[in-house]
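Working notes for the structure below.
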Amino acid sequence: MKTPSTPLTSLTIIRPDDWHLHLRDGELMAAVLPFTARVFGRAVVMPNLRPPVTTAAAAAAYYDRILDVMHPDIDFTPLMTLYLTDTTTPAEIERAYRGGYVVAAKLYPAGATTNSDEGLTDLKRAQPVFEALAAHGLPLLVHGEVTDPEVDIFDREAVFLERYLAPLLDAIPALKVVLEHVTTRQGVDFVLAGPDRLAATITAHHLLLNRGAMFQGGLNPHAYCLPVLKREEHRQALLRAATGGSPKFFLGTDSAPHVRSTKETGCGCAGIFSAPTALASYAAAFEQAGALDRLEGFASLHGPAFYGLAPNRDAITLTRCPCPVPPSVSAGEAGELVPLAAGRTLAWSVECPTRGLIHEG
Ligand code: NCD
Ligand code: ZN
């Protein structure tokens with residue numbers, strides 16, 4: 001697709017949702033939540049707290065804590081998830097479904113990423129839990145990386161697809177599955193070739209950055225996340241997938257805040273904090289591909305359709321207005337956070353009828 005000769009000066013789309021978000025808890029949550037809630041109508045909230053959100057009761061309590069710190073004028077709905085462990089029971093899935101807050105369950109292979117130690121060690125043992133999810137139409141959200149130390153970190157997603165995801169899809173024919181934060185050409189091809197009940201989220205940072213970003217001008221811990229950034233050919237495949245119009249791909253920021261002191265240290269945490277700049281960053285990626293007309297489908301329509309929900313009813317406007325991104329944002333006593341594109345200027349700013357022009361930070 002070609003870039004139009006006169007660039008758009010503004011773009012109004014149905015309010016988007018974030019289908020993969022880490023909100024954390026306590027003071028850190030209070031600091032990061034407004035960045036998401038002012039732009040997105042809903043967000044799928046990841047359950048990898050310490051301790052993880054493993055029960056319907058814990059998900060309901062977490063939901064309440066989110067609403068407690070939300071500005072009363074803001075219309076934002078957290079969609080909760082359940083963290084699957086080796087001891088999760090089908091009865092717990094049933095309780096979560098009936099409770100009404102939980103929209104999906106999260107499969108972390110044990111040890112694959114931040115706070116995943118209590119994740120699943122044996123997918124076969126979890127079959128009854130997967131059956132219960134399928135019975136209630138709740139999607140399984142998959143962190144798709146093997147943890148086998150023999151497998152190179154850049155190959156962990158591709159190996160997961162063949163070793164675990166293909167057999168899982170065959171074993172539970174009614175299970176809806178989202179391959180979260182897909183990062184490779186192999187992942188994109190796998191999702192496109194799979195059944196309609198298989199979809200994937202794509203982050204803004206995997207659309208904009210390749211693995212070179214981690215080493216540009218020195219070691220850059222703020223570009224380190226899991227799954228790790230990949231080669232340029234994979235970024236190009238993700239761009240084609242996100243902008244190609246397929247309803248199997250939708251927006252999931254994987255915004256994963258860690259305070260500066262835990263990123264800039266001897267063994268830094270994985271995660272990119274993209275919430276303050278996410279939508280403008282997706283717009284930059286879509287513009288790069290000459291496909292701004294496809295942003296609404298990806299950001300606002302494909303996700304709700306997959307989850308069986310209606311799109312949001314209001315709209316949001318992106319304006320071509322240089323948006324300076326601060327070098328960091330405060331998380332109070334918790335520390336400070338370095339957002340995606342820190343210190344740079346983005347081409348787009350976000351505006352909404354009720355909340356005015358949003359300058360990030
Ligand atoms: C996430 C986190 O920090 O919770 N980190 C990340 O790099 N994406 C965990 C995850 O989604 O893998
Ligand atoms: Zn995540």
Per-residue HN-Hα couplings for segment 52-65 [Karplus 6.51, -1.76, 1.60; θ = phi - 60°; Hz; x = Gly/Pro]: x, 7, 10, 10, 4, 5, 5, 5, 5, 5, 5, 4, 4, 5
Could you give the angle, 0 to 90 degrees to the nearest 10, between helix 232-243's Cα long axis and the longest principal axis of the Cα atoms of the chain? 90
Zone of Asp148's modelled label, taken as backbone nitrogen in segment 190-206 under 19 Å from a point 7 Å along Cα→Cβ: 190
Distant alpha-carbon pairs in the chain (separation over 36 angstrom), percent: 14
Rounded to whole Hz, the Karplus (6.51, -1.76, 1.60) HN-Hα couplings of segment 158-166, x for glycine and proline: 4, 5, 4, 4, 6, 6, 10, 6, 4
Which ordering of Glu150, Glu333, Glu157, Glu162 is given by a fewest-first count of other beta-carbon atoms within 10 Å? Glu150, Glu333, Glu162, Glu157
Counting only helical runs of four or more DSSP H residues, what would the 222 nm mean residue ellipticity of the chain come to if each run contributes -39,500 (n - 2.57) and the total is spread over all its residues? -8000 deg cm²/dmol
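As an exercise, identify the trypsin sites (Lys or Arg not before Pro) in segment 90-173 lying in DSSP coil whose Cβ has no more than 12 other Cβ atoms within 10 Å. Display every interim value, and only then the final one.
On the way: sites: Arg95, Arg98, Lys106, Lys124, Arg125, Arg156, Arg163; in loops: none.
Here no trypsin sites (Lys or Arg not before Pro) fit, given the DSSP loop and packing criteria.
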Computed from the beta carbon distance with a Förster radius of 45 Å, FRET efficiency for Ala310 and Gln216 to the nearest 0.05 stands at 0.60
If the reach is capped at under 28 angstrom between alpha carbons, list the lysines near Lys230, excluding any in the same chain fewer than eight residues apart. Lys2, Lys106, Lys176, Lys248, Lys263
Restricted to Cα positions, what overall size does segment 1-75 have along the principal axes? Three whole-Å values, descending. 53, 28, 19
Report for the chain the percent antiparallel among DSSP-assigned beta bridges with both residues inside it, nearest 5. 40
Whose amide H sits under 5 Å from the amide H of Leu120, counting only residues 5 or more places off or on another chain, with H placed in the peptide plane? Tyr108, Ala110
So the angle from the long Cα axis of helix 26-37 to the longest Cα principal axis of the chain, reported in degrees to the nearest 10, equals 60
Across segment 72-83, in residue order, what do the Karplus-derived ³J(HN,Hα) couplings come to in whole Hz, using 6.51 cos²θ - 1.76 cosθ + 1.60 with θ = phi - 60° and x for Gly and Pro? x, 7, 8, 9, 9, 10, x, 9, 8, 10, 10, 8
Once a ≥ b ≥ c are taken as the square roots of the eigenvalues of the Cα gyration tensor of segment 35-133, is the result rounded (a/c under 1.5), prolate (a/b larger than b/c) or oblate (a/b not larger than b/c)? prolate
Using alpha carbon centers only, segment 198-253 is separated from segment 32-95 by a whole-angstrom value of 25
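Any read-out appearing in this document is the output of simple, stated calculations on the displayed coordinates, not a laboratory observation. In this text the structure is predicted, and so the values were computed from the model without any measurement. With ideal geometry, Cβ positions are generated from the backbone for all residues, glycine too; neighbour counts draw on all protein chains shown.
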